[in-house]
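Step one of this worksheet: look at the structure below.
Since every read-out is calculated from the coordinates, none of them should be taken as a lab result. Computed from a predicted structure; not experimentally measured. Cβ coordinates were reconstructed from backbone atoms using ideal geometry, including for glycine residues, and neighbour counts include every protein chain displayed.
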Amino acid sequence: MANNLIGRFYFKLTDSKNLIGEFSNNHETCKRNYTESADRDQQKPGDDKFVFVGEYFTTWHDYIDNKHGSGLAKLEIKRKSGCENIFLLTWWLMENNKTGVDPSFWGEGMLCDGVLIGDYRDFPTP
């Protein structure tokens, strides 16, 4: 599987520790930003010192190959080792309420004025 850049995103943390944001991708039909939202997995709380760190269930909608589509995934955000305010993100697509065995996408994000901004790629990581 290639390790190609797919797109970019930003996430804001809500008062209830969930995420709301937007993304775009390199699909030929992508002509605008799309919304992505993520609910924190309450059974696996994050590290409050690093407010974005934790596990989430994320949903989105986009338009690929002239068809509307939506997605559901488990998202894990953790600190990048040895770095300050840089985070690693991994998405596992879900189907029939089951998380995929292998990750689907990975990305890196950085904090800017309280917003997590980054890009994402095909899995596997380098």
- request: Between Ile117 and Ser24, with labels modelled 7 Å along Cα→Cβ, what's the label distance in nm to one decimal, could you check?
  value: 1.4 nm
message: Need the full-extension length gain, Lys80 to Phe57, defined as separation in residues times 0.36 nm minus the C-alpha distance. One decimal, nm.
response: 6.2 nm
Among [x] 19.7, 65; [y] 14.0, 43; [z] 15.8, 59, the entry derived from the coordinates for Rg and Dmax of the Cα atoms in Å: [y]
- prompt: Among Asp41, Asp102, Asp113, whose mean-square fluctuation peaks in a Gaussian network model of the chain (Cα, cutoff 10 Å)?
  reply: Asp113
statement: Quick calc: nm separation of the 7 Å Cα→Cβ label points for Gln42 and Ser16 -> 0.9 nm
field: Spatially close lysines, pair count over the chain: Cα under 27 Å, gap of eight or more or interchain
entry: 26
